[in-house]
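> I'd like to ask you about the structure that follows.
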Amino acid sequence: MDTEELVNKISPTYKKISLELENQLANLNGGYEKLTTTMFKQGEQWHREIDIVINKMITEISEIKVKHRDILKKHLDEIKQIQSFIKQTLLALKEIEKSTEVSSTIEYSSKITEFSKFPPKVQVLLPTFTPNPIDSEKLYRMFGQIIPSSTDTGENIVSLNRPNTSFRELLNEPELVAIIQTGHKNLRSVTCLNEDRIWTRNTKLKCIRENRNRDICVADSEAGAVVVVNQDGKLRWRYTGHPSVTKNKPFKPYGITTDSQSHILTTDCNNHCIHILDQNGRFLRCIDNCDLEAPLGLCVDNNDNLFVCEYYKGNYCVMVGSFAKDQERVAKNQHAAVLSVNTPSRYHTSR
């Protein structure tokens, strides 16, 4: 009869699901209030920074004004001094004209030549302020980002595992968790179906991924660049390698993937390593301590474990995991099944 299974398995599972949904509903308002508060704090910080910029500019204008005032006062004092000399000369000439003595006329020296040397004209030009146009779209991107969440309403409602998207810091040194033998050569790509299933294949891989912020990330091996555009197709940034990594050989990205923190990871087959970038294209670090050889395809699972294909070794799928501080470091080679695909119609399983 179904009684035992309904009582012992199915009914408790639905009860658990119901409790989880009730808890999510109870915590919904609080969670969104925290998000709103964070946004308001960011806005207050922006206002403070804008006030700092304005005050700095006002200080610069005040300093320029003081300099201009000093220049004008200096020249005005010089002009007034000359005007005083002219008045004195005019008074002296009037005295000479009234005098009947010839000696005063003889002793007089003309000042016309001296006074005719007019000083240069001084004109202070005020500084100008040219406001830059406000790019609302750019401001929106700079202010922050809302990472869209997904709601799983699939048929398999019993499986409620969700990717862990809490903030994580990169480990100081990534570690090699397991090496999984597939028995097939020239592995080009790897895909994590779930916690227990990993597919690898040696057919040509697609070097394109959508990040959590809806950016489209492309690994262009021919151009030696990672190119990222937004969801409207506008170029956001272009990464052509980091000098500390590409000293000897040029950057050659093949595989590309993203993690729960919107980091972008791309393989560099030439330099036998993996570059980790933030969502704005800033180089964070390089995974080069796991003896990788010609890494090509790569993917990240829900726990931010990283899986990498080594092309020339062929028989191995390298699982480089735990590059985020808070995740559980478990050697999945004890239970993971790796499916190696030679062609779309032929599948091989190894454990």
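> Do we have His335 as out of contact with any Phe, Trp or Tyr (no Cβ under 7 Å at 6 or more places or on another chain) and modelled with pLDDT of 85 or more here?
No.
> Might you check whether a residue that is over 26 Å from Glu137 (Cβ atoms) and either assigned by the TED database to the domain that holds Arg209 or surrounded by 21 or more Cβ atoms within 10 Å (Cβ to Cβ) (or both) occurs anywhere in segment 227-239?
no
> Taking strands (runs of 3 or more DSSP E) that do not extend beyond segment 242-293, which have at least 3 residues that are open to solvent by less than 20 Å² (accessible area, probe 1.4 Å) and β-branched (Val, Ile, Thr)?
Because the criterion is at least 3 residues that are open to solvent by less than 20 Å² (accessible area, probe 1.4 Å) and β-branched (Val, Ile, Thr), the strands (runs of 3 or more DSSP E) in segment 242-293 that meet it are 264-268.
> Among the numbered conditions (1) modelled with pLDDT of 85 or more; (2) part of a helix (DSSP H, G or I), tell me where Tyr140 comes up short.
(1)
> Output the number of residues of segment 111-126 satisfying the condition of being within 26 Å of Glu63 (Cα to Cα) and surrounded by 10 or more Cβ atoms within 10 Å (Cβ to Cβ).
Final tally of qualifying residues: 2.
> Just wondering, is there one or more residues in segment 42-61 that are open to solvent by 90 Å² or more (accessible area, probe 1.4 Å), more than 30 Å from Thr113 (Cα to Cα), in the same structural domain as Ser109 (by the TED database) and aromatic (Phe, Trp, Tyr)?
No, segment 42-61 contains no residue that is open to solvent by 90 Å² or more (accessible area, probe 1.4 Å), more than 30 Å from Thr113 (Cα to Cα), in the same structural domain as Ser109 (by the TED database) and aromatic (Phe, Trp, Tyr).
> Residue under question is Thr89, and the condition is that it be modelled with pLDDT under 90, over 16 Å from Val124 (Cα atoms), open to solvent by less than 90 Å² (accessible area, probe 1.4 Å) and polar (S, T, N, Q); does it hold?
So Thr89 passes the test.
The values are calculated or read from the model by the stated rules, or taken from the named source; none is laboratory data. Predicted, not measured: the structure shown is a model, and the values here were computed from it. Virtual Cβ from ideal backbone geometry, glycine too; neighbours counted across all protein chains shown. Calculation scope for accessible area: heavy atoms of the full protein, side chains included, ligands and nucleic acids excluded. Shrake-Rupley method; radii C 1.70, N 1.55, O 1.52, S 1.80 Å.
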